[in-house]
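I have placed the structure first, in the form of structure tokens, so that the comments after it can refer back to it.
The values are calculated or read from the model by the stated rules, or taken from the named source; none is laboratory data. Values in this document were obtained by computation on a predicted structure and should not be read as measured data. Cβ: placed from backbone, ideal geometry, glycine included. Neighbour counts: every protein chain shown.
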Amino acid sequence: VEGRAEALREVARQLKARSEEILAVEVADTGNTVNALKGDVDAAVWSLNHYAGLGYELKGETIPATPGNLHMTVREPFGVVGRIVPFNHPIMFVAARTAAALMAGNAVVVKPPETSPLSATIFAEICQQVLPRGVMNIVTGLGRDAGDAIARHPEIKRIAFIGSPGTARQIQKSAADVCVKHISLELGGKNPMIVFPDADIERAKDAAVRGMNFAWQGQSCGSTSRLLVHDSLYDEFVEAVVARVKQIRLGNPALETSMMGPINSKGQYEKVCHYVDVAKADGARLVHGGRRPVGDEFRRGYWIEPTVFADVTPDMRIAQEEVFGPILSIMRWSGVQQALEIANSVEYGLTASIWTRDIGAAMQSARQIRTGYIWINGVGTHFRAVPFGGYKNSGVGREESLDEMLSYTETKVINIML
């Protein structure tokens with residue numbers, strides 16, 4: 001354990017030492033803003049150090065099940081595990097989300113995203129200098145080739161995937177064709193932010209914009225893309241949110257003054273534009289954005305303004321389907337039960353945000369919302385060492401915590417008959 005811990009700490013040190021190089025690559029490869037990506041690099045470094053310190057929690061227990069005998073459990077690594085990474089946070093998901101598996105004693109095969117693979121190669125260089133040969137393996141390629149090979153390989157008995165529910169189901173099918181595998185999934189979200197009439201309104205207005213993760217162009221599974229506002233506040237809230245969104249500065253993501261960059265790829269850009277058209281056709285009211293920004297610097301690349309639709313109803317596609325882009329849908333409600341029904345009306349259940357000064361009402365609502373990660377009077381923040389994961393089609397399993405590390409082990413029971 002101590003040897004693995006020191007190795008992870010050294011990987012963290014070298015990752016931090018090359019952070020400027022990684023930032024430059026990530027900005028060019030993803031389109032995310034440099035300020036946002038600094039947080040990703042910091043999270044990767046922290047996670048490597050965190051799991052290095054958790055190694056001694058890889059412990060078994062003794063169970064006083066019967067008199068005269070000794071029953072114990074031990075935790076053992078799977079051996080080789082696979083991880084398939086999305087394009088929105090490459091270095092964080094490649095480095096931070098492999099730390100638990102490495103600390104548990106596994107070798108790891110990682111497939112980075114085909115549209116943003118470069119930072120993973122830098123991480124591979126670092127691991128090559130620090131870890132034994134074959135412990136960390138980066139396999140670039142398309143999902144249908146490299147990803148499917150990981151899912152189908154008979155010696156990879158544990159897989160972790162972050163991405164869409166459709167791809168997750170394909171991974172499950174491919175894996176099941178070969179053998180029974182342990183698979184954890186962190187998938188999409190259509191996450192609600194519910195604003196009660198007694199909320200701290202100014203803070204909630206700021207949070208409604210911050211929760212959309214525009215620094216990642218809204219390309220985040222945890223974005224609170226459904227804003228549910230009480231009828232008594234609705235018009236004021238729409239106006240205030242639009243005013244705040246208009247202040248978002250689009251520009252070269254390498255500049256610290258930029259608050260939003262371009263969409264990651266042509267395919268994702270076309271998907272976002274399609275949903276703008278769908279929302280208009282369904283009757284949603286476009287109150288901001290929905291088009292390419294004006295200016296010579298925006299003529300090339302996959303640019304779209306941060307977009308806000310008002311008067312969205314629960315039956316609209318924009319209210320049901322994950323866009324994975326910078327589109328915020330604002331909806332109104334008049335009764336608490338109505339708001340909860342809207343919140344639960346989608347196939348996803350990743351995050352939710354509740355804004356009210358009444359902690360009793362907040363807790364009652366939180367218990368009724370079918371989602372895995374809830375903020376009360378907050379939004380967007382992932383808290384270190386706190387389990388993260390979803391309900392329903394938003395995933396299986398929990399990460400970012402001790403639970404994640406333990407999930408990369410199998411429990412063996414040994415019974416000593418005295």
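Before moving on, here are some points about what is shown:
- Subset of region 404-413 [part of a strand (DSSP E or B) and either buried (at least 17 other Cβ atoms within 10 Å of the Cβ) or not assigned by TED's automatic domain parsing to the domain that holds GLY68 (or both)]: THR409
- Selection status of VAL74, in contact (Cβ under 8 Å) with a residue 24 or more places away in the chain and either surrounded by fewer than 17 Cβ atoms within 10 Å (Cβ to Cβ) or of a type in the set (D, E, K, R) (or both): yes
Quick grid of which residues meet (1) touching a His at 6+ places or on another chain (Cβ under 9 Å); (2) outside any loop (DSSP other than H, G, I, E, B); (3) not basic (Lys, Arg):
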site	(1), (2), (3)
TRP46	no, yes, yes
TYR51	no, yes, yes
VAL81	yes, yes, yes
THR98	no, yes, yes
GLY105	no, no, yes
VAL110	no, yes, yes
PRO113	no, no, yes
ILE126	no, yes, yes
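Results for (1) surrounded by fewer than 16 Cβ atoms within 10 Å (Cβ to Cβ); (2) modelled with pLDDT of 95 or more; (3) of a type outside the set (S, T, N, Q); (4) not assigned by TED's automatic domain parsing to the domain that holds ALA243, shown as yes or no for each residue.
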site	(1), (2), (3), (4)
MET260	no, yes, yes, no
VAL272	no, yes, yes, no
VAL278	yes, yes, yes, no
GLY289	no, yes, yes, no
THR307	no, yes, no, no
ASP315	yes, yes, yes, no
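- Scanning region 208-235 for residues that are hydrophobic (A, V, I, L, M, F, W, C), over 27 Å from TYR269 (Cβ atoms) and either in a loop (DSSP other than H, G, I, E, B) or in contact with a Ser or Thr (Cβ under 8 Å, 6 or more places away or on another chain) (or both) gives a single hit, LEU233.
- When ASN252, ASN213 are checked against the criterion of being at pLDDT 95 or above and surrounded by fewer than 22 Cβ atoms within 10 Å (Cβ to Cβ), a single residue qualifies: ASN252.
- Restricting region 1-44 to residues that are in a helix (DSSP H, G or I) and touching a Ser or Thr at 6+ places or on another chain (Cβ under 6 Å), the residue that is nearest to PHE383 (Cα to Cα): VAL41
- Note on region 132-148: residues that are surrounded by 19 or more Cβ atoms within 10 Å (Cβ to Cβ) and more than 25 Å from GLN172 (Cα to Cα) total 0.
- SER220, sole failed condition from (1) small (Gly, Ala, Ser); (2) in contact with a helix residue (DSSP H, G or I) (Cβ under 6 Å, 6 or more places away or on another chain); (3) buried (at least 19 other Cβ atoms within 10 Å of the Cβ): (2)
- Restricted to strands (runs of 3 or more DSSP E) entirely inside region 323-403, those with at least 3 residues that are crowded, with 20+ Cβ neighbours inside 10 Å, of a type outside the set (S, T, N, Q) and modelled with pLDDT of 95 or more are 327-333, 351-355.
- Pair list, Cβ under 6 Å, 6 or more apart: region 44-68 residue farther than 30 Å from LYS16 by Cβ, other residue assigned to a loop (DSSP other than H, G, I, E, B): GLY68/LEU418
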